[in-house]
Amino acid sequence: MGTAALPIERRFVPPAALPSWPASAVSDGGFAKGSIDLGGLEVRQITTFDKVWSTTQGGQAGVGAPFFKPSPVPAGLSVLGHYAEPNNRLLFGHVLVGRDTSGTGALLVAPVDYKLVWSSPDGAGHFWLPTAPDGYKAVGAVVTATSDKPSPDEVRCVRADFTDACETEESVLSSDKDGFSAATLRPAVRSIDARGVHVGTFLAQSSATPAGASTLVCLKNNSASYTSSMPDLAQVNSLLAAYAPHVYLHPNEPYLPSSVTWFFENGALLYQKGSQTPTPVAADGSNLPQGGGNDGGYWLDLPREKVKKGDLAGAKVYVQAKPMLGGTVTDLAVWIFYPFNGPARAKVGLLTIPLGEIGEHVGDWEHVTLRVSNFSGELLRMYFSQHSAGTWVEASQLEYLGGDSGNRPVAYASLHGHALYPKAGLVLQGDARLGVGIRNDSARGSRLDTGGAGRCEVVSAEYLGVEEPGWLEFEREWGPREEYDIGREINRVARILPRSARERLARLVEKVLVGDGPTGPKMHGNWRNDEREA
């Protein structure tokens, strides 16, 4: 792996200022105060760095990666590990530093040694793993510009009961020649109740990694009140005013979003298994069955064809606020409801083939999630739901709508299916190399301003005791199950294709499309856990 002169990093400057809340919205809590107490271990977020080594080869997009040490570090706080990110983005990241405030002086100690993992071909970058004393664990790797071992004072190891298991998240740099790899780390278990804390460090490994080299871990929030650094309700609303995205619908989209109330008031019907007579749903959803799981005993359906078109003018979004990463970030899941999901379309070579009724279903819930730092109130990244999974995008890589729109991020909803993407264009589900797949087309058409006045409603924040609407507890399907004879339908709509192409398309459709009516937000795995990634 060759190296080159150190590039000058371009730091990402968020286009929107941090939210400012009125005096009445400032609570006695610890949100956006700069530091978080993990139960005797105070941590702070460092976003300024000194570069130690860099390469412009390898890594993501073949443009290399820089490696940094946090600097300056406030007096009295200790470095826990160094920082890295791919070179194909503007520098925008953080790493935690810590201080023992327990009064014991025993939570942070120096490593007893360092193990060399890898040295760069130019001899200017050397990667080390700290060796922790018994009862302690290392949480980050160290990079030096010389072959001399780092000083014992370079980093601190953490007492084992303040650590949790971690896993690699994103590859930063790798070399097939000598098996070297550097990858960012995140807590292995990520849920509302999980206590693992994202440190911002990375793991370095190679084929020469010494046997017995320490396995890195993340931090653990041991505070009895691990949500003490979460925003209060007024602050949540301020965050939404600052960061709630603009969602562009496709110019040809006939199936628009609506509010849940509009759907109910326009005649949504509740069906019960074994009964032929449906019941109109009350405007507030108060007569919907509560709990019970998705047992197939009830489902919703449309009263008439025109409801499929939705009501963009009165559409609302519904927000769940929840702690993640040990209460060091707030996830704001912004849910969008569509009365109807349109039919799918396939791409086979240069042909676009409408798939008849395949993909249609009543009741479509989609969402984006805003991840906000509880240290600073800054937007860190945004998640885009895409069918059964989705994608996280760093704040530095988002598209923003400027001018009078508040410089908030942008999302694009795909035609008919409403999957959400960070950029406009075509995303193909399937084999892009062969040009065969399900089309997800997005472009700038009508716009849903999810942060507009009256558009955004916080319906759940368990840590604040927010009262949830009754319809949120409806655990059955928001539309009837649709049964498709996929083979027959494809033979009908794609008869011009060779038989082998039709069979391949049928297998693809069976893999990526389902006919079940969707369940509401609270029945999705991400309601209590981290987002599912593609």
- request: Mind jotting down the three principal axis lengths of the stretch 431-499 based on Cα atoms? Whole angstrom, largest first.
  value: 58, 32, 22
task: For helix 233-243, report the angle its Cα long axis makes with the longest principal axis of the Cα atoms of the chain; keep it between 0 and 90° and round to the nearest 10°.
output: 90
- request: State whether the stretch 96-193 is rounded, prolate or oblate according to the following rule on the C-alpha gyration tensor (a ≥ b ≥ c being the square roots of its eigenvalues): a/c under 1.5 gives rounded; otherwise a/b larger than b/c gives prolate, and the remaining case gives oblate.
  value: oblate
- line: Sequence order, the stretch 342-351: Karplus ³J(HN,Hα) from phi using 6.51 cos²θ - 1.76 cosθ + 1.60, θ = phi - 60°, Hz rounded, Gly and Pro as x, gives x, x, 7, 10, 10, 10, 10, x, 8, 8
statement: Among (i) 23.5, 73; (ii) 22.5, 72; (iii) 25.5, 80, the value of Rg and Dmax of the Cα atoms in Å computed for this structure carries the label (iii)
statement: With 0.36 nm assigned to each residue of separation and the Cα-Cα distance removed, Ser500 to Ala234 gains 89.9 nm
message: To test your reading of the geometry: what angle, between 0 and 90 degrees and rounded to tens, separates the Cα axis of helix 499-512 from the longest principal axis of the chain?
response: 70
message: With every protein chain kept in place and ligands, DNA and RNA left out, what is the accessible area per residue of the stretch 92-250? Probe 1.4 Å, answer in Å².
response: 37
query: Per the 1.4 Å probe, what fraction of the accessible area of the stretch 294-404, in percent, lies on carbon and sulfur atoms?
result: 49
statement: Summing -39500 (n - 2.57) over every DSSP H run of at least 4 in the chain, dividing by its residue total and rounding to the nearest 500, the 222 nm mean residue ellipticity is -2000 deg cm²/dmol
- request: State whether the stretch 233-523 is rounded, prolate or oblate according to the following rule on the C-alpha gyration tensor (a ≥ b ≥ c being the square roots of its eigenvalues): a/c under 1.5 gives rounded; otherwise a/b larger than b/c gives prolate, and the remaining case gives oblate.
  value: oblate
- request: Can you tell me the dipole magnitude for the chain around its Cα centre, using point charges on the Cβ only (Lys, Arg +1; Asp, Glu -1), in Debye to the nearest 20?
  value: 1220
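Run the numbers on the chain and let me know its relative contact order in percent, using alpha-carbon pairs under 8 Å that are six or more apart.
The value is 14 percent.
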statement: Heads up, the stretch 234-386 by the C-alpha gyration tensor (a ≥ b ≥ c square roots of eigenvalues; a/c under 1.5 rounded, else a/b over b/c prolate, else oblate) looks oblate
statement: So the FRET efficiency between Thr101 and Asp284, C-beta based with R0 = 41 Å and rounded to 0.05, is 0.30
field: For the stretch 233-523: relative contact order, % (alpha-carbon pairs under 8 angstrom, 6 or more apart)
entry: 25
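Quick one: length gained pulling Asp148 to Leu312 fully straight, 0.36 nm per residue minus the C-alpha distance? Intermediate results must be reported in sequence, preceding the final value.
On the way: separation 164, 0.36 × 164 = 59.04 nm, distance 6.33 nm.
52.7 nm is the gain from fully extending Asp148 to Leu312.
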field: Linear extension gain, Asp134 paired with Leu464, 0.36 nm per residue minus alpha-carbon span
entry: 114.8 nm
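The values are calculated or read from the model by the stated rules, or taken from the named source; none is laboratory data. Predicted model only: the values in this text are computed from it and were never measured. Methodologically, a virtual Cβ is constructed for each residue, glycine included, from the backbone with ideal geometry; neighbour enumeration extends over all protein chains shown. To get the accessible areas, we keep the full protein, side chains included, count just its heavy atoms, and leave off ligands, DNA and RNA. Shrake-Rupley method; radii C 1.70, N 1.55, O 1.52, S 1.80 Å.
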